[in-house]
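Step one of this worksheet: look at the structure below.
FYI, it's all coordinate maths here, none of it is from the lab. This is a predicted model, so every value here is computed, not measured. So basically every Cβ, Gly included, is an ideal-geometry build from the backbone, and we count neighbours across all protein chains shown.
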Amino acid sequence: MLSQTISIAKQSAFKGKLAFRSLATQATSIPKTQKGVIFYENGGELHYKDIPVPTPKANEILINVKYSGVCHTDLHAWKGDWPLATKLPLVGGHEGAGIVVAKGENVTNFEIGDYAGIKWLNGSCMGCEYCQQGAEPNCPKADLSGYTHDGSFQQYATADAIQAAQIPKGTDLANVAPILCAGITVYKALKTAELRPGQWVAISGAGGGLGSLAVQYAKAMGLRVLGIDGGADKGAFVKDLGCEVYIDYTKSKDLVKDIQDATNGGPHGVINVSVSPAAISQSCQYVRTLGKVVLVGLPAHAVCESPVFEHVIKSIQIRGSYVGNREDTNEALDFFTRGLVKSPIKVVGLSELPEIYEKMEKGQILGRYVVDTSY
Ligand code: 8ID
Ligand code: ZN
Ligand code: ZN
C-alpha cells in the first residue's frame, strides 16, 4: 500500500498560462490522528493519547515511526532540568526509525517507502560558521527532535530531509533505533578521543544506553575497554559486550587506584556517559598522563572539576562531544549494518514510557529500551 503513491498538484496561473506545481508526494493511507505521548508542562503528566498527524513542510519528510529508542535526554527534556527550554506541549523522542510516507516539495533525497531515521538534530541553518565546518549540531539555530520539534514518541513525525538518517532497506527498525542517537554520539565521542588501536579507553556509565554501544564501538575500533558502572548484573552485561575489565563504582574502595592498576597507569581516554557529576570529575584523576577526557553525559547543573596542578603536570585534555554530523551518522550506521555492533534492546509499547522513565531515573536499565509505536 505504501508503494502506491499519489502526487498532490496545485494548479496556479502563471503569466496567463496554466502551470502545475507539485506541493508534496504522499502515500495514500495517512490518517488524520495517531497515538503519541505528549506532555503539557515539564515534569507534568505523560499522556498517551490521540494527537494530530503533522504535515511536512517543503523541506521535510513525514515518517511513519515504527520504533523509537528512549534516551536519557528524553528524561531530561521531560523534567526540563537543562538550561535550555523545550517547546511545550512536547512529544519527545529522537531515536525514531520508520518509513517515509510523505514528503515536501523540495525533498529530493528521499522517496516514499524509503527507511528513514529521526535524530536529535532535526535541521540546522547550514550557513553559519559551524555548519560550514560540518559541525551542524553546534549550530545556534539547531532544531532538536523531541526538544524544540515534536519527536519520535508518536506514530508519524516530521524530519528535515537533509538531517534525517538514510537507513538501508531491509534493516531491522527496532534494532537500528538506538544507533540514531546513542550510536552516533558514542562513535563521535570515540573519534573525539583520538585514540589508537591497542590503547585503553574507559567507558564511565558502560551499562546504560550510550555505554553499552560505546563498549562495542570501542572494541570494533581496536581499543581495550574498561567499563565502569554499578552492580554485578551490569558487570556481566558489559563484559559480554567486550569489556576486558569491569569496575563496580558501588563496590570499589579506591576507584582511581583500581582503574589505574587495571590499565597500567590509567586509560588513554575516558568517555563519560554516566549521569553523575562526581564520576565525571573523577575521570580527570584516573586518566593517563597526556590522556583525553571526553564529556558526553549531561547531568543537570553539573561542573567538571579537574585539579589544576595535576591537569597541567599530566597535560590532560578535556573535550566536549555533542551527537554527530551526517558523516558520523553514516559511519556509525555502517558499523551497525556490518554487524560490528549490536543493539542491546528491550522492546515495549509506547504507552509504557512513564515506567521506562522511572527505571531510567533509578539507573535500573541494562542497555536501551525501544518503544513500539503500535501499542
Ligand atoms: O551528544 C551528547 N553529548 C549526548 C547524546 C545523548 C545522550 C548526551 N547524552 C546524555 C544524556 O542526556 C544523559 O545525560 O548522556 C547521558 C547518558 O544517556 P543514556 O546512556 O541514555 O543514559 P542511561 O541509559 O540512563 O545510562 C547511564 C548509565 O550511567 C550509570 C548508570 O548506572 C547507567 O547505566 N551511572 C550513573 I547514573 N552513575 C554512575 C557512576 N557514578 C554510573 N556509572 C559509573 N559511575
Ligand atoms: Zn539521545
Ligand atoms: Zn548553522
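Around the amide H of Gly230, modelled in the peptide plane, lie the amide H atoms of Tyr249, all under 5 Å away and 5 or more residues distant in sequence or on another chain.
Taking the average, over residues, of other Cβ atoms within 10 Å as the packing measure, peptides 61-70, 154-163 rank 61-70, 154-163 from highest down.
Note on Cys125 and Lys87: their simple-model spin labels are 1.9 nm apart, each label 7 Å out from Cα toward Cβ.
Between Gly269, Gly349, Gly117, the Gaussian network model of the chain with springs among Cα atoms under 10 angstrom shows the greatest mean-square fluctuation at Gly349. Listing Thr192, Thr28 from fewest to most neighbouring C-beta atoms within 10 Å gives Thr28, Thr192. With Cα atoms defining each centre, the stretch 28-87 and the stretch 188-228 are spaced 31 Å apart in the structure.
Taking the helices alone, the chain has a mean residue ellipticity at 222 nm of -7000 deg cm²/dmol, built from -39,500 (n - 2.57) per DSSP H run of at least 4 residues and averaged over all its residues. Just to confirm the filter: which GluC sites (Glu not before Pro) across the stretch 50-126 are DSSP coil and have at most 13 other Cβ within 10 angstrom of their Cβ? Of the GluC sites (Glu not before Pro), the ones in loops of the stretch 50-126 whose Cβ has at most 13 other Cβ atoms within 10 Å are Glu111.
Please grab the % of Cα pairs in the stretch 48-149 that end up more than 16 Å from each other.
64 percent
Largest GNM mean-square fluctuation among Glu310, Glu244, Glu41, using the chain with Cα springs under 10 Å: Glu310.
Across the stretch 82-98, rounded Karplus estimates of 3J(HN,Hα) from the backbone phi angles (6.51 cos²θ - 1.76 cosθ + 1.60, θ = phi - 60°) give 9, x, 8, 6, 8, 6, 9, x, 9, 9, x, x, 8, 10, x, 10, x Hz, Gly and Pro being marked x. Straight-distance candidates among the aspartates and glutamates for linking to Lys251, with alpha-carbon spacing under 17 Å and chain neighbours fewer than 8 residues away dropped: Asp229, Asp233, Asp261. Checked against a 23 Å cut-off, the cross-linked pairs Lys234/Lys292; Lys32/Lys66; Lys35/Lys66; Lys79/Lys191; Lys191/Lys219 give Cα-Cα distances beyond that limit for Lys234/Lys292; Lys79/Lys191. If the segment from Ala58 to Arg319 were pulled out straight at 0.36 nm per residue, it would be longer than the present Cα-Cα gap by 90.3 nm.
Here the ratio of the Cα radius of gyration of the stretch 331-375 to 2.2 N^0.38 Å is 1.38. For the chain, the longest principal axis of the Cα atoms and the long axis of helix 277-286 meet at an angle of about 50 degrees. The phi torsions of the stretch 68-80, fed into the Karplus equation with coefficients 6.51, -1.76 and 1.60 and a -60° offset, translate into couplings of 9, x, 10, 9, 4, 4, 5, 5, 4, 5, 5, 5, x Hz, rounded to whole numbers, with Gly and Pro shown as x. What share of the DSSP beta bridges in the chain is antiparallel, in percent to the nearest 5? Looking only at bridges with both residues in the chain, the antiparallel portion is about 60 percent. Listed by chain and number, the aspartates and glutamates placed with their C-alpha closer than 17 angstrom to that of Lys87 are Glu41, Glu45, Asp74, Asp143, Asp150; residues fewer than eight positions away on the same chain are left out. As a ratio to 2.2 N^0.38 Å, the alpha-carbon radius of gyration computed for the stretch 134-250 takes the value 1.22.
Return Val53, Val347, Val293 ranked ascending by Cβ neighbour count within 10 Å, so the fewest neighbours appear first. Ascending Cβ contact count within 10 Å gives the list Val347, Val53, Val293. In order along the stretch 193-199, the phi-based Karplus estimate (6.51 cos²θ - 1.76 cosθ + 1.60, θ = phi - 60°) of 3J(HN,Hα) comes to 6, 6, 9, 10, x, x, 7 Hz; Gly and Pro are listed as x. Were the residues from Ala135 through Arg196 laid out at 0.36 nm apart, the gain over their Cα-Cα distance would be 19.6 nm. For the chain, averaging the sequence separation of C-alpha pairs within contact (under 8 Å, six or more residues apart) and dividing by the residue count gives a relative contact order of 16 percent.
Over all Cα atoms in the chain, the spread is summed up by Rg and Dmax: 21.7, 83 Å.
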